[in-house]
Amino acid sequence: MATLSVALTGNPNTGKSTIFNELTGARQKIGNWPGVTVDKKVGYTRYKDRAISIVDLPGTYSVNARSPEEQIVIDYLMNNKIDLVMDVVDSSNIERNLFLTVQLLEKGIPLLIDLNMQDEAERRGVHIDVHKLEDAIGMPVVTTVGRSKKSTQKLLDVFTSTVMSKYQPSQIVKDHIAKVEAIEAGVGTEEEKREAIIEARYALIDQIMAQAVDLSNVGASKSEKIDHYLANGFLALPIFLLILYAVFQITFTWIGQPIADWLADLITVDFYDWAGEALTAAGVEDWMVSLVTDGIIAGVGAVLSFVPLIFVLFFCLSFLDGTGYMARIAFLMDPIMRACGLTGKGVMPLMMGFGCGVPAVMGARALDSEKDRMTSILVTPFLTCGAKLPIMALFAAMFFPDNAANVVFAMYIIGVVMAIVAAKLLGGTIFKGKGSTFLLELPPYRIPDMKTVLLETWDKGKGYLVKAGTIIFAASVFIWFLSSYNFDGPTEEMSESFLATLGGWMSSLFYLQGFATWEAGAAIISGILAKETVVSTIGILYGAGDVDTDEIEDTAETMMQTGMFTAFTSLSAFTFMVFSQLYTPCVTALGTIKKEAGGWKWMFFSAGYQFAIAWVVALLVYQIGSLLGFA
Amino acid sequence: MATFITGAFVCVGLYFALRHVYRNFRSGTSDCAGCRGCSGGSCHHCAAEIPDNLARKG
């Protein structure tokens, strides 16, 4: 079978990943910001008896090899035998997109130019004469509309029928290349040469635009009109906070929490009782019944009951991402981030941190400067990842039932503020230097594709379910063992168990924070394994299901009856939430930090400085709260 | 006997759970927030699946 290799290149947010997914059937993350496709992706398809390998390269604005994305693109295009390089161009923004096209032509790379998002260009009044564009550049041109079977079919036809060796750059392109070579060989400083080359590129783009593109009907786009309000200097931040507040209300008050309460009752009360009775009736010995019910069902169940919250929250965030609004947040945060030592571009990996710290730490690769990259890696774990959400939801529902959404919202804000403060501290001490400039293209507002939103929600939630069934399950068994045994064998009193000893050592650090109980200490230790384990440990230690079902109304009351209210006051519970929000990342995130930051030193630094900061902030919260009369 | 059977189920569950955790550890991957959360392929094995019949032929 004949094979064909195709590479997709282009600016960020031109729909490359969508085309790649449509062509290969892959479910690649499609984002509205630079850095989503940090590495190249390879997919395969078959068409007309030809096996086609398709590489999706990271989106870049240039190929000067100044950022990791640019390096990947130029290395791949220059060092591999590729049958066809397709330059995906956002038709509605063709002038800026041609800047990359011209650079690729300068490097002698023959291109198939894909005028993507033709529908949006038409709506904006951008009219491109395809034949004139082909003549102006000298390369073949195809038009697509991104996610459409017709476009996919058309591209596959073009891939299998186009012979790139037949095409030569047009005379104006050849003249431009000669001019650039002359500038490079001429006299002058590097800066002067660079400016002269940029000027020459824009001169060529102007010529191409004049020949093939009619912009006379372009007016203010719908997105520009919306941005007049949403990205307005005065209204942007309040609107953003309002939207975020609504997301939290939906998750923790209106939709997510009621379902979570129902599920919690079902698992940790009904199923717990049923399993206990069934196993006892089957003649299973008490210790094994305890392992299954007090260990596995209470531990895993405590975590599983938060699945609805995770799904609702991720659905809302994926929906917002799909609308194009999330990119505005980076734009909005740029001045704040810049004042604190990060660039707006650093917001993007940070925002991934609300899902999980691991990809967020990896996403920092997209940052150009070492200072930005290291700072981003080290501050990301302060944010509230999905795994911390159950801790927040559990304590908020129990101790602040009337203000659960507000309290969780406050935790998210505390995480963001601490990340910014830490970035400022690190930037002023360890990582001094100049950050990179931030160039962000705001995507147009779109009605999100519900299939994409649901798939994204499912993918994120699925990771959580897998963790519940694997690491949380194993940790629950382990925690149950540690809480049921000591050196003398089985113990009836948990306070005499291995876990009580370990938790006691840890809790001695938290007298000034108001939660110096061995149970809290044990939960904190287990949270380093995976943050959800804090909840499963609490579920096991306080026996979430070990109560009379007639007296149960919801999870919070269940917990109350089994001792949590005696262990925590509202203030110490809030302090515990703050500490959990900020302390040492889980082992997976630590491993990623070691890999990305380049060594054990940074991993231990991250673990240590986050614990120290969490300890100090928790101390301040508890002591100031006590002075103000909170209890 | 019932205790033994229940214990066997728990052990099997533990075996698969720990195997998953060990494999994640070996390959430097994590379940985190799913493939889309990590931009597909950059942190774990969620790059496009290569069909067997195409992978060998390149």
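The values are calculated or read from the model by the stated rules, or taken from the named source; none is laboratory data. Predicted model, so just to flag it, every value in this text is computed and none were measured. No Cβ is skipped: glycine too gets one built from the backbone with ideal geometry, and neighbour counts run over all protein chains shown.
What the table below lists for this structure:
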| item | result |
| --- | --- |
| Test: A:Met418 is among the hydrophobic types (A, V, I, L, M, F, W, C), more than 20 Å from A:Ser305 (Cβ to Cβ) and in the same structural domain as A:Leu263 (by TED's automatic domain parsing) | yes |
| Lone qualifier among A:Phe306, A:Phe314 - being under 30 Å from A:Val453 (Cα atoms), within 13 Å of chain B (Cβ to nearest Cβ) and not hydroxyl-bearing (Ser, Thr, Tyr) | A:Phe314 |
| Number of positions in segment A:192-215 that are without any contact (Cβ under 8 Å) to a residue 60 or more places away in the chain and touching a Gly at 6+ places or on another chain (Cβ under 8 Å) | 2 |
| Out of A:Ala260, A:Ala302, A:Ala278, sole residue that is modelled with pLDDT of 90 or more and either in the same structural domain as A:Ala410 (by TED's automatic domain parsing) or in contact with a helix residue (DSSP H, G or I) (Cβ under 6 Å, 6 or more places away or on another chain) (or both) | A:Ala278 |
| Listing of helices (runs of 4 or more DSSP H) fully contained in segment A:50-162 that carry 3 or more residues being in the same structural domain as A:Arg194 (by TED's automatic domain parsing) and either at pLDDT 90 or above or of a type in the set (Lys, Arg) (or both) | A:94-106, A:130-137, A:149-161 |
| Filter result for the condition that a residue is closer than 21 Å to A:Gly527 by Cα and either touching a Cys at 6+ places or on another chain (Cβ under 7 Å) or of a type in the set (Asp, Glu) (or both), over A:Gly504, A:Gly415, A:Gly463, A:Gly469 | A:Gly463 |
| Every residue from segment A:451-487 that is among the β-branched types (Val, Ile, Thr) and either facing another protein chain (nearest Cβ under 10 Å) or free of Cβ contacts under 8 Å to residues at least 40 places away in the same chain (or both) | A:Thr452, A:Thr457, A:Val466, A:Thr470, A:Ile471, A:Ile472, A:Val477 |
| Matching option when the condition is within 14 Å of A:Leu350 (Cβ to Cβ), in the same structural domain as A:Val578 (by TED's automatic domain parsing) and aromatic (Phe, Trp, Tyr), among A:Phe431, A:Phe382, A:Phe399, A:Phe409 | A:Phe382 |
| Count of segment A:169-182 residues which are in contact with a helix residue (DSSP H, G or I) (Cβ under 8 Å, 6 or more places away or on another chain) and either free of Cβ contacts under 8 Å to residues at least 60 places away in the same chain or closer than 10 Å to A:Gly138 by Cα (or both) | 5 |
| Any hit, segment A:238-245, residues being more than 14 Å from chain B (Cβ to nearest Cβ), more than 27 Å from the chain's Cα centre (by Cα) and assigned to a helix (DSSP H, G or I) | no |
| Selection within segment A:245-280 - farther than 16 Å from A:Ala302 by Cα and among the small types (Gly, Ala, Ser) | A:Ala246, A:Gly276, A:Ala278 |
| Qualifying helices (runs of 4 or more DSSP H) (wholly inside segment A:264-314; at least 2 residues being within 20 Å of A:Thr533 (Cβ to Cβ)) | A:298-304 |
| Cross-chain or 6+ apart pairs with Cβ under 9 Å, segment B:1-15 first and more than 8 Å from every other protein chain (Cβ to nearest Cβ) and of a type in the set (Gly, Ala, Ser), then loosely packed, with under 11 Cβ neighbours inside 10 Å and assigned to a helix (DSSP H, G or I) | none |
| Residue list for segment A:216-237, filter: farther than 27 Å from A:Ile113 by Cα, in a helix (DSSP H, G or I) and touching a residue at least 24 places away in the same chain (Cβ under 8 Å) | A:Ile226, A:Asp227, A:Leu230, A:Ala236, A:Leu237 |
| Any hit, segment A:391-406, residues being in a loop (DSSP other than H, G, I, E, B), at pLDDT 90 or above, closer than 17 Å to A:Phe248 by Cβ and within 13 Å of chain B (Cβ to nearest Cβ) | no |
| Only listed residue being away from chain B (no Cβ under 13 Å), without any contact (Cβ under 8 Å) to a residue 24 or more places away in the chain and crowded, with 22+ Cβ neighbours inside 10 Å, chosen from A:Met337, A:Met333 | A:Met333 |
| Test set (1) surrounded by 22 or more Cβ atoms within 10 Å (Cβ to Cβ); (2) more than 10 Å from every other protein chain (Cβ to nearest Cβ); (3) closer than 15 Å to A:Glu456 by Cβ - A:Thr323 fails condition number | (1) |
| Candidates A:Asp294, A:Asp265, A:Asp227 - the one that is charged (D, E, K, R) and within 25 Å of the chain's Cα centre (by Cα) | A:Asp227 |
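A quick yes/no check of all residues on (1) without any contact (Cβ under 8 Å) to a residue 24 or more places away in the chain; (2) assigned by TED's automatic domain parsing to the domain that holds A:Pro110:
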position: A:Tyr167; (1), (2): no, yes
position: A:Val187; (1), (2): yes, yes
position: A:Ala246; (1), (2): yes, no
position: A:Gly256; (1), (2): no, no
